[in-house]
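Participant: Mind looking over this structure? Questions follow.
Where a number appears in this text, it was derived from the coordinates with a stated rule and is not lab data. This is a predicted model, so every value here is computed, not measured. Methodologically, a virtual Cβ is constructed for each residue, glycine included, from the backbone with ideal geometry; neighbour enumeration extends over all protein chains shown.
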Amino acid sequence: MIDLSRDERARAFAFDRGPIGCLLLHGFTGTPAEMRPLGERLAERGYSVRAPVLPGHATRVEDLAGSRWADWFAAAEESWQELGARAPLRMVAGLSMGALLSLHLAHERPREVRAVAALAPVLELANQRSAAAALWLRRLPLLPRRFEIVAKRGSGPDGGSRLTPAYDEIPLRALASLIELQRTVRSELAEITTPVLILEGGRDQTVAPRAPSMVEAGLASSTKVRIRFARSGHILTEDVEAAAVLDAVERFFAAQAAG
């Protein structure tokens, strides 16, 4: 792995290698750092890679408070198009919120997306009911910061301990937009026919236990594979089974590229 400082690892990164490309999308409150192990592995195998910083991330949590899922997806699409100029055959992999954006990309661009790797897809949060209360903020004017941005409590989006940079607070209006993204993707699953790999962590305290199976059951894809890593938490790319996670994505993408 390339030796970078914590701040450098939070930045967008790109590798220009061969004609097969992969877009990597990080999670809610996270940064491209959590996708870097996968990006470096794919680059070693000859993939061209793009991993953007999604709007509102890797700066200040107040910036995330002002962003919405349409902004995150627009940035993903921009990187996807840039990657297409380099690599005509393209895959996409995302973690948590990034997994939802990846699935939405497959829905919006079915002829372009060759395969999706959805890592810890946050189609439903472990604390979904309490998180959904954030939707009420959409009806209210801006409130004092203490009501708009709250500290993480371990089981929130991308909560818990982690090695890579991330915000330690959650802006509730952005969380409400994440819930809207969940609803959008849930309604689209039956129209997605792209091959999808779904990876889940047995110790994930962020994603509801049934969420990965909901993704699998909802997809119309004829090729869909779900793998559970029993000893891993939410950030699959940096947990104790990270090497096996990277192997699984690499094998799946290689099979889809060959097909």
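Participant: Ranking request for peptides 38-47, 132-141, 77-86, 196-205: highest mean number of other beta-carbon atoms within 10 Å first, then the rest in descending order.
Facilitator: Descending packing order for the listed peptides: 196-205, 38-47, 77-86, 132-141.
Participant: Which whole number in µm²/s is D for segment 48-117 by Stokes-Einstein, with the Kirkwood Rh taken over Cα pairs at 20 °C and 1.002 mPa s?
Facilitator: On the way: Rh = 12.5 Å.
Once the numbers are plugged in, D ends up at 171 µm²/s.
Participant: Calculate for the chain the 222 nm mean residue ellipticity that helices alone would give, adding -39,500 (n - 2.57) per DSSP H run of length 4 or more and normalising by residue count, nearest 500 deg cm²/dmol.
Facilitator: Working: 10 runs with 98 residues, N = 259.
Result for the chain, helices only: -11000 deg cm²/dmol.
Participant: Once the mean 1/r over all distinct Cα pairs of segment 34-83 is inverted, what Kirkwood radius in angstroms do you read off? Show your work: numbers first, answer last.
Facilitator: Working: mean 1/r = 0.0826 Å⁻¹.
One over the average 1/r among Cα pairs gives 12.1 Å for segment 34-83.
Participant: Now a separate question. Mind giving me the nanometre distance, one decimal, between the label points for Ala255 and Glu180, set 7 Å out from Cα along Cα→Cβ?
Facilitator: 3.7
Participant: Could you tell me how far the Cα centroid of segment 163-177 sits from the Cα centroid of segment 183-206, in Å?
Facilitator: Taking the Cα centre of each part, segment 183-206 and segment 163-177 sit 20 Å apart.
Participant: Counting alpha carbon pairs within less than 8 Å and at least 6 residues apart, what relative contact order, in whole percent, applies to the chain? Before the final figure, lay out the partial values.
Facilitator: Numbers: 583 pairs, mean separation 52.9, N = 259.
Across the chain, relative contact order equals 20 percent.
Participant: Would you list Ile227, Ile192 from fewest to most Cβ contacts within 10 Å? Walk me through the numbers on the way to the answer.
Facilitator: Details: Ile227 14, Ile192 24.
Neighbour counts put them in this order, fewest first: Ile227, Ile192.
Participant: For Thr164, Thr193, Thr29, what ranking results if the residue with the fewest other Cβ atoms within 10 Å of its Cβ goes first? Working shown, then result.
Facilitator: Numbers: Thr164 20, Thr193 15, Thr29 27.
By the 10 Å Cβ count, ascending, the order reads Thr193, Thr164, Thr29.
Participant: Based on C-alpha coordinates, I'd like the Rg and Dmax of segment 113-259, in Å.
Facilitator: My reading of the Cα-based Rg and Dmax gives 16.6, 54 Å.
Participant: How far is helix 69-86 tilted, in degrees, relative to the longest principal axis of the Cα atoms in the chain, given as a value from 0 to 90 rounded to the nearest 10?
Facilitator: Rounded to the nearest ten degrees, it is 20.
Participant: Still on this structure: So what is the relative contact order of segment 121-259, in percent, for Cα pairs below 8 Å that sit 6 or more residues apart? Provide the component values of the computation, followed by the final result.
Facilitator: Numbers: 204 pairs, mean separation 38.3, N = 139.
The normalised contact order for segment 121-259 reaches 28 percent.
Participant: Charges only on Cβ, +1 for Lys and Arg, -1 for Asp and Glu: so what's the dipole of the chain about the Cα centre, in debye to the nearest 20? Don't jump to the answer; show the numbers that get you there.
Facilitator: On the way: 33 positive and 31 negative charges, 99 e Å.
Once rounded to the nearest 20, the dipole reads 480 debye.
Participant: Just how far, in whole angstrom, is segment 16-40 from segment 56-119 if you go by their alpha carbon centroids?
Facilitator: Cα centroid of segment 56-119 versus Cα centroid of segment 16-40: 10 Å apart.
Participant: Another one. Only bridges with both residues in segment 6-258 count here: give the DSSP antiparallel percent, nearest 5. Spell out each step's value before the answer.
Facilitator: Details: 7 of 31 bridges.
So the antiparallel bridges in segment 6-258 amount to around 25 percent.
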